[in-house]
1. Report whether or not R207 is of a type in the set (K, R) and touching a strand residue (DSSP E or B) at 6+ places or on another chain (Cβ under 6 Å).
2. Could you please let me know if R335 is of a type in the set (D, E, K, R) and without any contact (Cβ under 8 Å) to a residue 40 or more places away in the chain?
3. Determine which single condition A287 fails, assuming it passes every other condition in (1) of a type in the set (A, V, I, L, M, F, W, C); (2) at pLDDT below 85; (3) more than 19 Å from E327 (Cβ to Cβ).
4. So is G178 on the phi > 0 side of the Ramachandran plot and assigned to a loop (DSSP other than H, G, I, E, B) or not?
5. Among the residues of the range 159-174, which ones are within 14 Å of V215 (Cα to Cα) and buried (at least 17 other Cβ atoms within 10 Å of the Cβ)?
6. Looking at P265, P279 in this structure, which one is of a type outside the set (K, R), modelled with pLDDT under 50 and outside the structural domain of A211 (by TED's automatic domain parsing)?
7. Tell me the residue from V199, V227 that is assigned by TED's automatic domain parsing to the domain that holds L169 and under 22 Å from P104 (Cβ atoms), please.
Amino acid sequence: MKAADRDRDDRIETHIAGPLRDAHVELDQLHRARLGSAIEAALDREDQARRTPAPGRSRRWLAGGSLALAAAAAVLVWRRAPPPPPPVAAAPLVARAPAPVAPPLLVPHGQAGEGGLPPTTSLVALAGEKARATIGARVRLTLVGPGRVSVLAAAQPGDLELLLEGGRLLADYDGRAGGTLRVRSPGAVTTVVGTLFAVEVTPFGSRVAVAHGRVRTQDASGRQWQVGAGTNWSSADERVSPLPRDLALALHEHEVSWTGNVPAPAPTETPRRPAHAPPAARASQPAEDLDALYARAESAMRGRDNGEARRLLDMIARRDPGGAAGEVALLDLARLALAQGDRATARQVLARLPAPLHDPALEETAAHLRCRAAGDADDGSCQGHAGPAQAR
């Protein structure tokens, strides 16, 4: 090989090919500057060689330099060009859940705007108290304590939903504008489309009563019951029976307190009086006194204060002889005695029950308790009778 060719190859290797091999795959600012300097220097040398060409080598150097410059430019362009960005997948459309609707507020009657309790989602009544409130223009309610009722967010617009945690709820609902009212209580969900009704929490579940119209009640197993005017349903025995007089009077009192003078409801059954009681004895005892006493008795039973519960139940039975409240009080007294193994006291209490009972729905319960008091429960002969008594 001639010395001129070797000199040309050395120049290409030193000034162009070498820097290209040493270039980093990922060109940063420093590498790009070095490569650019090498190319500029090579161009300067080529220009100088053309001005003072050596015999026999200018064309070869020019050709080799041009090829090397083309290769360098290709490498530089290839390494400078960023890779195309990956395709971005379109974000999937997500259905947006509707914003939750805040539940309506209970407005305590006679207190809003007068420095009393403000509108709230929960109403509480202590033992012996009555709390009254409205929900918009559709619901008027009275809560007999001890108890608590709260407003829940309804699933459908226009519906109302209440949660009764304790006490007796007396209410009338105007459903002419559409929508339904649901009352959730232990062991029951009651659906109302417009009526005068009551839902009560008892030691054994819930009790639903209707004065006007009709409601639908669903028990814990999902079975549905239709409760019409003048009847009531209890989750304790799961049966529809005539509306007791004390509940009918309580519903009438609620209606009068909101609407003014309303004719008293006809009694569902004629109350029985002992022969020695004067005719006005029953009328002199307001129904709310019995309600308050029974609320205190139920509270004592829940708190396992059996002594106080017996005292209050006996007071109710003496104040309401032959009436529905008195009968239930005697049945509860007998049940407390049997729970303590005192069959003799249970028999004495059951002997005070009138025959027939004022509330026919309690006949099977009374028969069951008499069977247990007689000592026949162990042999299984009492299994055919009803279980716990229906509360007031």
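1. It is true that R207 is of a type in the set (K, R) and touching a strand residue (DSSP E or B) at 6+ places or on another chain (Cβ under 6 Å).
2. no
3. Going through (1) of a type in the set (A, V, I, L, M, F, W, C); (2) at pLDDT below 85; (3) more than 19 Å from E327 (Cβ to Cβ) one by one, A287 breaks only (3).
4. yes
5. Of everything in the range 159-174, those that are within 14 Å of V215 (Cα to Cα) and buried (at least 17 other Cβ atoms within 10 Å of the Cβ) turn out to be L170, A171, D172, Y173.
6. That would be P279, the only listed residue that is of a type outside the set (K, R), modelled with pLDDT under 50 and outside the structural domain of A211 (by TED's automatic domain parsing).
7. After ruling out the rest, the residue left standing is V199.
The values are calculated or read from the model by the stated rules, or taken from the named source; none is laboratory data. Predicted model only: the values in this text are computed from it and were never measured. Every residue, glycine among them, receives a Cβ derived from its backbone with ideal geometry; neighbour counts consider all protein chains shown.
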